[in-house]
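The values are calculated or read from the model by the stated rules, or taken from the named source; none is laboratory data. For clarity, every value in this text was computed on a predicted model and none was experimentally measured. As a convention, Cβ positions derive from the backbone with ideal geometry for all residues, glycine included, and neighbour counts pool all protein chains shown.
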Amino acid sequence: MADPKGFLTFKRELPPSREVNVRLSDYKEIYDEFPVEKTKQQAARCMDCGVPFCHSGCPLGNVIPEFNDAVYREEWQEAFQILSETNNFPEFTGRICPAPCEAACVLGINQPAVAIEHIEKTIVEMAFEKGFLRPKAPTFRTGKKVAVIGSGPAGLSAAAELNKYGHSVTVFERKDRIGGLLRYGIPDFKLEKWVLERRIGLMEAEGIRFKTNVNVGVDMSVDQLKNDFDAVVLTGGSTIPRDLPIPGREGKGIYPAMQFLEQNNRRVAGDFIPEVESIRATGKHVVVIGGGDTGADCVGTSNRHKAKSVTQLEVLVKPSLTRTPDSWPNWPLILRTSSSHEEGCEREWSVLTESFEVNDKGEVSAIHLIDVEWAFIPAENRYGFSKKAGTERIIPCDLALLAIGFVHPQHDGLLQQLGVALDERGNVKASNFKTSVNGVFAAGDVRRGQSLVVWAIAEGRDAAKEVHIFLESES
């Protein structure tokens, strides 16, 4: 497998980041160029594992050792063929995936894992550069028509797979551009939008139709949807944000994180944002409530706005710097520091936001906090926290961003009109991606709840198989 002694010869190395003071002046991706020779060395670190756990670590089941070997031999077309068999969009996952495959890497037991995510990105970019990746329309059409509702990663992967089967696919998006979370949820410094546009252009050339500004259930009736299409795939995502109902929540300057991120992505794309609607961190004390990736994206965006200060709060305990031996090959709970944190941010853990302080103008001006202690509660068989007396404090805040997740998809409109059953969490109930309504399927966050882009892609692929089986049986 590649270089048998590669993992002993080479250390893990990733592309260097641009200097902080440079990258904070733009929204371009943060990494500098990385020599191909160094990528080959990283691929050489892949061991000839008896059982490559990276396969199961990846939600897509990418055949990682084989494409690493091809990269080491500089057989780029072979590497791309292997990668594209399981992953529709490696240019996305190679940029924004947290890489659970690397967490499951056998080498990661006692050394830094193989740089799988970087290698994946290099493979697909080389495929575009060398012309291996070109539009490939199906050679026949089945005559069946499928509507995909929602153009995020689950919708795009479902559309791509259904199109390969020969079905005629139309993707409906209620917003003005295709991409969903990829378009409006992820900042350009992590995923520049030309990457998304390039893929959409490729899919259009392969025969997939995209319709924007169409809110199915409002602009298009459910009856028309059922009459015009043989199957429907719901991939609208989990879009209702979790709120923080505490005193002062009504104050101005408190927003769901995605509202802040979407507006900034629109601004970067050149859209006009009226001043009265503008959410800017410039010169403000920004407090991001929620310690996950979305919160980190708010940190990076606020830094580019030139915020006066940025603080990120997390109610959970601060994770360990290193993984425990028994966590492998599962996803470890360890402290992760993103590029956004490196750009400037105060981070606090085990802290509860008790209330917002609002000034006489109705604007948020400060946040009241208290530290908490976590402990297992045997009687309830769960962990819970208690407040630590004497730790109450107030920190300044002119802009509060709630990055505490989403509760479920929007029920009003399409889901209610279709009459699909919901599960106990409020997501669309779908066994084997089949909803309670015949011919209607669901995939991605709308079905499984808020999750990773890579899981959404995997869900879209798997749902497409079930839709294909259904259409074959119908005919």
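Among the residues of the stretch 411-429, is there at least one that is over 27 Å from LYS465 (Cα atoms), hydrophobic (A, V, I, L, M, F, W, C) and surrounded by 16 or more Cβ atoms within 10 Å (Cβ to Cβ)?
No, the conditions are met nowhere in the stretch 411-429.
I need every pair where a residue in the stretch 19-33 that is under 16 Å from HIS305 (Cβ atoms) has its Cβ under 6 Å from the Cβ of a residue that is part of a helix (DSSP H, G or I), sequence separation at least 6 or different chains.
Taking only residues 6 or more apart or on different chains, the pairs are LEU24/ASN303; LEU24/ARG304; TYR27/VAL268.
Could you pull out the residue among VAL315, VAL288 that is in a strand (DSSP E or B) and either under 22 Å from LEU452 (Cα atoms) or not polar (S, T, N, Q) (or both)?
On inspection, the qualifying residue turns out to be VAL288.
(1) crowded, with 21+ Cβ neighbours inside 10 Å; (2) among the polar types (S, T, N, Q); (3) within 28 Å of GLY57 (Cα to Cα): which one isn't true of SER302, the others all being true?
Condition not satisfied by SER302: (3).
Can you tell me how many residues in the stretch 318-349 are more than 20 Å from the chain's Cα centre (by Cα), in a helix (DSSP H, G or I) and among the polar types (S, T, N, Q)?
1
Could you grab me the full set of residues in the stretch 332-359 that are over 26 Å from LYS306 (Cβ atoms) and exposed (fewer than 14 other Cβ atoms within 10 Å of the Cβ)?
Once the filter is applied, which keeps residues that are over 26 Å from LYS306 (Cβ atoms) and exposed (fewer than 14 other Cβ atoms within 10 Å of the Cβ), the stretch 332-359 yields LEU333, ILE334, LEU335.
Name the pairs whose Cβ atoms lie under 9 Å apart, with the first residue in the stretch 438-459 and free of Cβ contacts under 8 Å to residues at least 12 places away in the same chain and under 20 Å from PHE229 (Cβ atoms), the second of a type in the set (Phe, Trp, Tyr) and part of a helix (DSSP H, G or I), and 6 or more positions between them or separate chains?
Going by the 9 Å Cβ cut-off, the qualifying pairs are ASN438/PHE470.
With the condition kept exactly as written, say whether any residue in the stretch 138-158 is assigned to a helix (DSSP H, G or I), closer than 13 Å to HIS468 by Cα, out of contact with any Gly (no Cβ under 7 Å at 6 or more places or on another chain) and not assigned by TED's automatic domain parsing to the domain that holds LEU60.
No.
Answer with yes or no whether THR235 is assigned by TED's automatic domain parsing to the domain that holds ILE149 and at pLDDT 95 or above.
So THR235 fits the description; yes.
One residue is enough: does the stretch 311-318 have a residue meeting the conditions touching a helix residue (DSSP H, G or I) at 6+ places or on another chain (Cβ under 8 Å), of a type in the set (A, V, I, L, M), assigned by TED's automatic domain parsing to the domain that holds VAL268 and under 25 Å from GLU262 (Cα atoms)?
no
Being in the same structural domain as CYS298 (by TED's automatic domain parsing), exposed (fewer than 14 other Cβ atoms within 10 Å of the Cβ) and at positive phi: is that true of GLY362 here?
Criteria met by GLY362.
Given the structure, is GLY426 touching a residue at least 12 places away in the same chain (Cβ under 8 Å), over 23 Å from TYR255 (Cβ atoms), in the same structural domain as VAL214 (by TED's automatic domain parsing) and within 28 Å of the chain's Cα centre (by Cα)?
No.
Any idea which residue in the stretch 204-223 is nearest to ALA137 (Cα to Cα), counting only those that are part of a helix (DSSP H, G or I) and out of contact with any strand residue (DSSP E or B) (no Cβ under 9 Å at 6 or more places or on another chain)?
Top of the filtered list is ALA205.
What about GLU125, is it touching an Asp or Glu at 6+ places or on another chain (Cβ under 8 Å), farther than 17 Å from GLU197 by Cα and free of Cβ contacts under 8 Å to residues at least 40 places away in the same chain?
no
For the condition surrounded by 20 or more Cβ atoms within 10 Å (Cβ to Cβ), assigned to a helix (DSSP H, G or I) and not polar (S, T, N, Q), what is the one hit in LEU182, LEU191?
LEU182
All but one of (1) part of a loop (DSSP other than H, G, I, E, B); (2) aliphatic (A, V, I, L, M); (3) out of contact with any Cys (no Cβ under 9 Å at 6 or more places or on another chain) hold for LEU162; which doesn't?
(1)
Select from the stretch 248-285 the residues that are assigned to a helix (DSSP H, G or I), over 25 Å from VAL317 (Cβ atoms) and touching a residue at least 60 places away in the same chain (Cβ under 8 Å) and list them in ascending order.
MET258, PHE260, LEU261, GLU262, ASN264, ASN265, ARG266, VAL268
Kindly indicate whether PHE10 is farther than 28 Å from ILE186 by Cα and not polar (S, T, N, Q).
yes
Could you check the stretch 219-240 and list, in sequence order, the residues that are touching a Leu at 6+ places or on another chain (Cβ under 7 Å) and at negative phi?
Scanning the stretch 219-240 gives VAL222, ASP230, ALA231, VAL232.
Return the residue satisfying two criteria in turn: it lies in the stretch 224-247 and is part of a strand (DSSP E or B), under 24 Å from the mean Cα position of the chain (by Cα) and hydrophobic (A, V, I, L, M, F, W, C), and of such residues it is farthest from GLY439 (Cα to Cα).
Applying the filter and picking the extreme gives ILE240.
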